[in-house]
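Coordinate-derived values only; no laboratory data. Computed from a predicted structure; not experimentally measured. Counting neighbours? That spans all protein chains shown, and the Cβs are built from the backbone with ideal geometry, glycine included.
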Amino acid sequence: MIDGALADQLLAKAEAEGVELLGPDGLLSQVTKAVLERALGEELTEHLGYEKHDPAGRGSGNSRNGATGKRLLTEAGAVDLQVPRDWRGSFEPKIVRKGQTRLDGFNDLAIGIDCEGAKQVLGMWVGASTGESAKFWMSVLAELRNRGVRDVCILCCDGLSGLPEAATTVWPQVTVQLCVVHLIRASLRYASRKYWPALAKDLKAIYTASDEAAAAAALEAFAEQWEARYPAIVRLWRTHWQEFTPFLAFPPEVRRAIYTTNLIESLNARLRKVTRNRGQFPSEQAALKVLYLAVRNLEDYRTPNIGIRTSGWKQVLQAFTIYFEGRIPAP
């Protein structure tokens, strides 16, 4: 919790200097910028192993190397950050990741593939805080069920807190599939960039295995090779094994339809272009209206393949009809 006296000091300073509470240069934006930049600086200090200007850093082989400008969309509006760099380029910030343009939880979109193989945007919701994520996802999925989504065979997600639990409550027979692409990215974040090609090659043997037994054998081979250097990567895969393996029950051409959330990421990237230059919205409803119109526009122009049938859908549907016997409606 923010100390009340500190809040009073900030408000008094803002009033004395004529600074608005909201807006691109408002108090909330300035505080967000200051806190994030301080946190990024602390992350770099931890990465380097010594404080700024500390003589202990001499001869360490790596040092600070200025900063890169970055615009981040937050709930307080657009914030222009200075993200610190290191000479080696090995610093991978976690609070604001490379390539990230908005704070996590700002908003979510849900996309589904129906029995005809068509990709449909199911809805948009303003995200909840981490502590309320399970309650938030329960309300979202309950809304989808009440709107007519009677059953979900496979739910592919990227490790969102509370989502798998909510999904199995709303649709008890649902199979939760962890996005393999996100699992690979999460793995590489633990490793030095110079090892990425070798790690990616060895991880590929796991997620392209013929079945779960072969994947488990590949994971053990991976652990033998890498666990001494990167135990966190091996632990990551073992922890999420049950959510990773469901897609291995299908042939390769079917796996492509269910193993990643890249479709959602593609849509999100296009929606970010709509909001990037607007900076700030007066309310959540205003932001949602703009995003809704953008989705309608994407559907009209059939990009990124919203409303278009999934490639090879006939083959996918046959496999699903067998695997999920009695749950796929007859044509």
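Would you mind checking which residues have amide H under 5 Å from Asp86's amide H? H placed 1.01 Å from N; only 5 or more apart, or other chain.
It is Asn65, Phe91, by chain and number.
How high is the FRET efficiency between Ala330 and Leu109 when r is their beta carbon distance and R₀ equals 30 Å, given to the nearest 0.05? Spell out each step's value before the answer.
Working: r = 30 Å, r/R0 = 1.01.
It comes out at approximately 0.50.
Relative to the present Cα-Cα distance, how much length would full extension add between Arg256 and Ala214 at 0.36 nm per residue of separation? Don't skip to the answer; put the middle values down first.
Numbers: separation 42, 0.36 × 42 = 15.12 nm, distance 1.86 nm.
So the chain would gain 13.3 nm between Arg256 and Ala214.
Can you put Glu43, Glu253 in order, fewest other beta carbons within 10 Å first? List each step's numbers first, then the result.
Details: Glu43 18, Glu253 12.
Ordered by Cβ neighbours within 10 Å, fewest first: Glu253, Glu43.
Can you tell me the FRET efficiency between Val149 and Ser192 if r is taken as the Cβ-Cβ distance and R0 is 35 Å, rounded to the nearest 0.05? Intermediate results must be reported in sequence, preceding the final value.
Values: r = 43 Å, r/R0 = 1.24.
So, using R0 = 35 Å, E works out to roughly 0.20.
What translational diffusion coefficient, to the nearest whole µm²/s, does segment 180-255 have by Stokes-Einstein, given a Kirkwood radius computed over alpha-carbon pairs, a temperature of 37 °C and 0.692 mPa s viscosity?
Numbers: Rh = 12.5 Å.
Estimated via Stokes-Einstein, D reaches 262 µm²/s.
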